[in-house]
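Colleague: The structure is given below, and queries will be raised subsequently.
The values are calculated or read from the model by the stated rules, or taken from the named source; none is laboratory data. Computed from a prediction, not measured in an experiment: that's the story for all the values here. Quick reminder, even Gly has a Cβ in these numbers, built from the backbone with ideal geometry, and neighbours come from all protein chains shown. These accessible areas exclude ligands, DNA and RNA; they are computed on the full protein's heavy atoms, side chains included. Shrake-Rupley method; radii C 1.70, N 1.55, O 1.52, S 1.80 Å.
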Amino acid sequence: MDIVTAQEMYERDRVAMEAAGLEGELLMENAGRAVTYDLLRHILPEHKIVVLIGAGNNGGDGFVIARTLLNLGYDVEAWQVVPDTKISGDAEAHKRIFQASGHPYRRMNRSEDLNTSLRQADVCIDAMLGIGAKGRLREPFATIVHLCNEQSVLRLAVDIPTGVPADEGVDDFDAFKAHYTSIIEAPKQSVFLQQTEPFYGKWSVVEIGLPVKCFANHQRRLWEVSDLKRTMPERDAHSHKGSHGKGLILGGSRYMPGSVSMTARAALRSGSGLIAIATDRQAIPSIASFIQEATFVEYEEGGRAPDLSSYDGVAVGMGIGREAAQGGSDRTIGS
Ligand SMILES: NC(=O)C1=CN([C@@H]2O[C@H](COP(=O)(O)OP(=O)(O)OC[C@H]3O[C@@H](n4cnc5c(N)ncnc54)[C@H](O)[C@@H]3O)[C@@H](O)[C@H]2O)[C@@H](O)CC1
Ligand SMILES: [K+]
């Protein structure tokens with residue numbers, strides 16, 4: 001699964017529209033419907049739902065979601081939280097379809113009115129801002145986000161929780177704290193970052209019809225169990241440890257034998273055939289009692305590293321100590 005920046009996501013939308021001829025309105029319809037059916041896994045038929053609709057295309061998704069839920073018979077209040085003049089393009093087109101379908105919406109003038117609605121709701125769907133959010137939230141979004149986070153409603157976000165930056169490198173933000181986020185087409189970088197990840201809650205990705213083959217060369221990917229299964233080499237029934245790669249782990253020292261032991265165990269578990277550990281002579285007994293399959297090569301701190309030519313892969317440094325790490329070993333290996 002690809003991981004994208006906001007710019008890369010816009011580029012994908014552009015390719016879909018220009019190269020593949022998918023209209024923006026159609027993509028928005030696809031996005032809104034895909035997200036609705038994903039969110040329905042968390043919504044009960046008796047739930048009262050508030051959909052919060054902002055100014056941009058994320059808000060446009062909100063109109064599609066509100067319409068789809070109303071068509072399905074759910075109890076929905078659609079709240080447009082920005083003035084009419086702020087809604088344009090594909091979002092305005094979907095607002096017209098929403099109205100033409102006979103559905104009412106409320107326009108937020110005072111946050112107190114919205115708060116009354118939120119207090120009676122079971123579920124709040126955030127379609128206020130998406131990947132177009134820049135900088136700290138301005139009003140009315142800052143107040144609304146605060147109100148939502150205070151209420152004991154189930155908070156579901158569309159594509160990205162309002163206020164969360166899509167890309168890495170932004171620490172100063174406040175945002176909707178989602179219990180669950182339905183992400184459109186590809187997870188954004190912030191899904192995986194320490195300071196932003198908690199705002200997403202649990203998440204899944206929905207597909208909206210972008211021509212994925214056009215993006216085949218993307219370099220930033222989430223490596224999933226399915227990728228692991230796909231790429232792990234098949235083992236022949238008659239193969240032996242010599243058939244599955246020979247690795248050297250250079251590290252560990254008398255007082256720090258643990259990390260090199262764990263590295264060796266991980267290497268063996270991941271499928272390496274033969275693992276040799278080059279380490280301080282005095283560390284060998286404690287490592288050997290933890291990891292029985294490895295062989296050992298004596299290595300003196302600051303000394304020459306072993307000959308690497310007979311290994312398929314080398315890991316260097318864990319528990320080696322500062323002096324050795326900065327001293328002769330890396331120079332020897334590099335030469
Ligand atoms: N073709 C497309 O581009 C598609 C986009 N989709 C949706 O569109 C979203 C991106 O749409 P947009 O580019 O319109 O961006 P947004 O919907 O994220 O919002 C843009 C609006 O937010 C305002 N804004 C930005 N930062 C703000 C801040 N800090 N405080 C208050 N207001 C702020 C801007 O003035 C602008 O009016 C995606 O996240 C996704 O939900 C989907 O509909 C699928 C197709
Ligand atoms: K959102």
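Colleague: As an exercise: evaluate F215 against (1) on the phi > 0 side of the Ramachandran plot; (2) in contact with a helix residue (DSSP H, G or I) (Cβ under 9 Å, 6 or more places away or on another chain) and give the number of the one condition it does not meet.
Modeller: (1)
Colleague: For a quick check of your reading of the model, give me the residue pairs whose first member lies in region 25-53 and is in contact (Cβ under 8 Å) with a residue 60 or more places away in the chain, whose second is acidic (D, E) and surrounded by fewer than 16 Cβ atoms within 10 Å (Cβ to Cβ), with beta-carbon atoms closer than 6 Å and at least 6 apart or on different chains.
Modeller: Sorted first by the residue in region 25-53, then by its partner, the pairs are H47/D122; K48/D75; K48/D122.
Colleague: Hey, among the residues in region 37-65 that are more than 14 Å from ligand 2 (Cβ to nearest atom) and in a helix (DSSP H, G or I), which one's least open to solvent (accessible area, probe 1.4 Å)? Break it down into steps so the answer makes sense when it comes.
Modeller: First pass over region 37-65, keeping only residues more than 14 Å from ligand 2 (Cβ to nearest atom): 37, 40-49.
Filter once more, keeping what is in a helix (DSSP H, G or I): 37, 40-42.
Numbers: Y37: 113, L40: 32, R41: 152, H42: 65 Å².
This residue is L40.
Colleague: Which one of the conditions (1) in contact with an Asp or Glu (Cβ under 8 Å, 6 or more places away or on another chain); (2) within 16 Å of ligand 2 (Cβ to nearest atom); (3) not in a helix (DSSP H, G or I) does M28 fail to meet, given that it meets all the rest?
Modeller: Unmet condition: (3).
Colleague: Scan region 201-220 for residues that are within 27 Å of E23 (Cα to Cα), surrounded by 15 or more Cβ atoms within 10 Å (Cβ to Cβ) and of a type in the set (G, A, S) and report the count.
Modeller: Total meeting the criteria: 1.
Colleague: Could you list all residues from region 221-245 that are open to solvent by 70 Å² or more (accessible area, probe 1.4 Å) and among the charged types (D, E, K, R)?
Modeller: R221, K229, R230, E234, R235, D236, K241 - these are the residues of region 221-245 that are open to solvent by 70 Å² or more (accessible area, probe 1.4 Å) and among the charged types (D, E, K, R).
Colleague: Then there is this: Quick test for you: out of T181, T85, T162, T143, pick the one residue that is among the β-branched types (V, I, T), out of contact with any Cys (no Cβ under 9 Å at 6 or more places or on another chain) and under 15 Å from I65 (Cβ atoms).
Modeller: T181
Colleague: If S272 passes every condition in (1) open to solvent by less than 40 Å² (accessible area, probe 1.4 Å); (2) more than 23 Å from H240 (Cβ to Cβ); (3) in a loop (DSSP other than H, G, I, E, B) but one, which one does it miss?
Modeller: It is condition (2) that S272 fails.
Colleague: Can you tell me how many residues within region 106-132 are over 24 Å from P45 (Cα atoms) and among the small types (G, A, S)?
Modeller: 3
Colleague: Which of the residues that make up region 253-267 are open to solvent by 40 Å² or more (accessible area, probe 1.4 Å), more than 30 Å from the chain's Cα centre (by Cα) and not aromatic (F, W, Y)?
Modeller: R254, M256, listed by residue number.
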